[in-house]
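Note sheet for the following structure.
Computed from the coordinates by the stated procedures, all read-outs in this text should not be read as laboratory data. Predicted, not measured: the structure shown is a model, and the values here were computed from it. Neighbour counts are summed over all protein chains in view; Cβ atoms, including those assigned to glycine, are modelled from backbone coordinates with ideal geometry.
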Amino acid sequence: MAEVAEGRGENSKVPGAVSDRMRRWGLTAVMASAVTTGLTVGMTVPLIALTMTAAGAGGALVGLNATMPALGVLVTAPLAPWLIAGLGLVPTLVLGCLASAASLVLFPVFDSMVSWFSLRLGLGFGLALLWVVSETWLSRLALAGSRGRMVGLYSTFWTAGMAAGPLLLQVTGLAGEWPFAISAMLVLLAAVPPVLGRAAAGGRQTGSGHRQWSSALFGMARGTILAGFTAGFVEISLFSLLPLYGLAAGLTRADAVLMLSVFAAGGFFAQVPFGWLADRLGPARLLIGAALVGLMAAAGLASAAATGWVLWPLLFVWGGVVSGFYTLGLIQLGRRFRRAGLTQANVLFIMAYTLGTLAGPVVAGTALELWPVHGLPLVAVVVYCGFLLAVISGREPRHHGME
């Protein structure tokens, strides 16, 4: 496979002559920032939803507000390469932390829905910068032989932070300014490790202009872009709708909620193993394998739900495959792109994922309503088939090293 060949040909040293000690500092900074940022996101998603509900907002309005961070990502992410080129990785990350913290601090100050929508959009702006910088920096620092494990570890830390966020709300409470202030403090703390490890970030990157955007846009492997879209579409659809599917399939309310826990547990434990396998087999072939496993899991979901015990291992494996899709796509990005082109490629990957998160719940929710027992898995089958057909039908360029 081309991926394996690329892995052998990659320089064992990080571009920019980063020393081993600096590289370790940089990776530690990225991992620590991932935990803190994940914790902030895990807190703010339920906190804002419950705050708006307590203020009298209906479900539709709360749901619409929840799309604002995704829209903020779509608007902001294309600007990130220019900010990174002008400011550098760490200053851009600090800017994202400041924007996110300001939005959170101001949220309880205002009581109008218009203000809350604007602040949620500002939160998406800040988180987009954090997202792009963290993953770009991670891909620059990770060495060829251990990139998969580093990306898997990064995803695990992020997921752990997300899972711990709602638990922290049990300590801070849900009323008043205090939980928002704690969230703002956490997102500011996410900037501390990168600032301490800023020597590993290198200097400013020049040449992030329109010409390189065009090269990244048309030269990037289509499988990597589609992997991002597929990851966002399937992951958010299942996280949003699995309990509703369980009720439609005849499960008890407790078992319907347990479906989501088992699915999420599979995603948490799969990241490092997927990264380890990617270092040995290459992410491209693993993406195809993951799509096939996901396809089989979706096709067998209705039968497993009717059978009983088979449902739980199926959900655990499927959860690992769904979460691993993003991890594998990010690993493949790091192999295919270098230096200046890496930021633009990572932006495209993030935007594809975000578009998937916007489209997935709408399409899958409509299918679930029209065909309660088979609609949700049918949509997943169609998405996986589309990914497989697109990847298998076209041969991708082996490498886009825009130095």
Starting from the Kirkwood Rh over alpha-carbon pairs, what translational D in µm² s⁻¹ does the range 258-349 have by Stokes-Einstein at 10 °C and 1.306 mPa s?
113
Explain nothing, just the number: relative contact order of the chain, from Cα pairs under 8 Å at least 6 residues apart, as a whole percent.
26
Counting only helical runs of four or more DSSP H residues, what would the 222 nm mean residue ellipticity of the chain come to if each run contributes -39,500 (n - 2.57) and the total is spread over all its residues?
-27000 deg cm²/dmol
May I ask you to give the average projected area over all directions of the convex hull of the Cα atoms of the range 149-202, in nm² rounded to one decimal?
4.7
Computed over the range 64-111, the distribution of all Cα-Cα distances in 10 Å bins, rounded to whole %, is 23, 46, 26, 5
For a quick check: sort SER393, SER323, SER240 by the number of other beta carbons within 10 angstrom, fewest at the front.
SER393, SER240, SER323
Can you tell me the dipole magnitude for the chain around its Cα centre, using point charges on the Cβ only (Lys, Arg +1; Asp, Glu -1), in Debye to the nearest 20?
1280
For the range 212-393, what is the charge dipole size about the Cα centre, in debye to the nearest 20, if Lys and Arg each add +1 at the Cβ and Asp and Glu each add -1 at the Cβ?
640
May I ask you to derive the FRET efficiency for ALA306 and VAL45 from their Cβ-Cβ distance with R0 = 30 Å, giving the value to the nearest 0.05?
0.40
Can you sort ASP111, ASP279 from fewest to most other Cβ atoms within 10 Å of each residue's own Cβ?
ASP111, ASP279
Where does each of 187-194, 355-362, 223-230 land if you order them by average Cβ count within 10 Å, highest first?
223-230, 187-194, 355-362
Taking a crude spin-label model, label points 7 Å out from Cα along the C-beta direction, the TRP276 to MET185 distance in nm is 3.8
Out of (i) 21.5, 66; (ii) 20.5, 59; (iii) 27.6, 83, which label holds the value of Rg and Dmax of the Cα atoms in Å that was computed here?
(ii)
Selection from PHE269, ALA304, PRO361 lying farthest towards where the dipole of the range 212-393 points positive, charges on Cβ:
PHE269
If you wrap the range 118-178's Cα atoms in a convex hull and average its projection over all directions, what's the area in nm²?
5.4
If one computes P(r) from the Cα atoms of the range 72-198, what percent of pairs lie at distances over 27 Å?
23
For the range 361-367, in order, what is each residue's ³J(HN,Hα) by Karplus, 6.51 cos²θ - 1.76 cosθ + 1.60 with θ = phi - 60°, in whole Hz (x at glycine and Pro)?
x, 5, 5, 5, x, 5, 5
On the principal axes of its Cα set, how long, how wide and how thick is the range 212-393? Give whole Å, largest value first.
52, 33, 27
